[in-house]
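Asks: Quick one: the structure is below, and I'll ask about it shortly.
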Amino acid sequence: MFLVSKEFTFDAAHKLIHYHGKCERLHGHTYRLRVTIKGEKDEEGMVIDFALLKKIVQKKVISVLDHSYLNDIINQPSAENVAEWIWNQIEYLLDTPTHYLYEITLWETPTSFVTYRKDLSDKTHHSATSSR
Ligand SMILES: [Zn+2]
């Protein structure tokens, strides 16, 4: 198995309502985004063509979010919520028999970032929610 990643940046403004900290007031970040695909090589020796990955993320994410006011697009645009929104924009376009979207990492600052994965085999969650 391979993990194949591409990175992007975009500038956007936001403010977090009901949050008492620096992000309470309107301001901007230069976000950095890493999209990671997991899969096996095809007959061309690639998991996914970097050019295709770039095209999908540019069209569905960067062109929408770059120089935007995130609150117009995403409710309470915390780094977590923005990462989840990005996931939902591109997951279906990256799901093939040989590869799929594995992970999204979103940096709000050079030292603050969140990683999002849709872990379908989260046994902890199942056991915590099952009733006996
Ligand atoms: Zn902020």
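Asks: Could you say whether any residue in segment 60-83 is at positive phi and within 16 Å of the ligand (Cβ to nearest atom)? Let's see the steps before the verdict.
Replies: Residues of segment 60-83 at positive phi: 67, 76.
Now restrict to residues that are within 16 Å of the ligand (Cβ to nearest atom): 67, 76.
Checking segment 60-83: at least one residue is at positive phi and within 16 Å of the ligand (Cβ to nearest atom).
Asks: Of all residues in segment 24-83, how many are touching a Ser or Thr at 6+ places or on another chain (Cβ under 8 Å), modelled with pLDDT of 95 or more and surrounded by 13 or more Cβ atoms within 10 Å (Cβ to Cβ)?
Replies: Selection size over segment 24-83: 12.
Asks: Here's something else I'd like to know. Return yes when LYS41 is charged (D, E, K, R) and not in a loop (DSSP other than H, G, I, E, B) and no when it is not.
Replies: Working: charged (D, E, K, R): yes; not in a loop (DSSP other than H, G, I, E, B): no.
So LYS41 does not fit the description; no.
Asks: Another question, if that's okay. Could you check segment 24-43 and list, in sequence order, the residues that are under 20 Å from the mean Cα position of the chain (by Cα) and within 16 Å of the ligand (Cβ to nearest atom)? Reasoning before the result, please.
Replies: Narrowing segment 24-43 to residues under 20 Å from the mean Cα position of the chain (by Cα): 28-39.
Those that are under 20 Å from the mean Cα position of the chain (by Cα) and within 16 Å of the ligand (Cβ to nearest atom): GLY28, HIS29, THR30, TYR31, ARG32, LEU33.
The values are calculated or read from the model by the stated rules, or taken from the named source; none is laboratory data. Computed from a predicted model, the values in this text were never measured in an experiment. Neighbour counts are summed over all protein chains in view; Cβ atoms, including those assigned to glycine, are modelled from backbone coordinates with ideal geometry.
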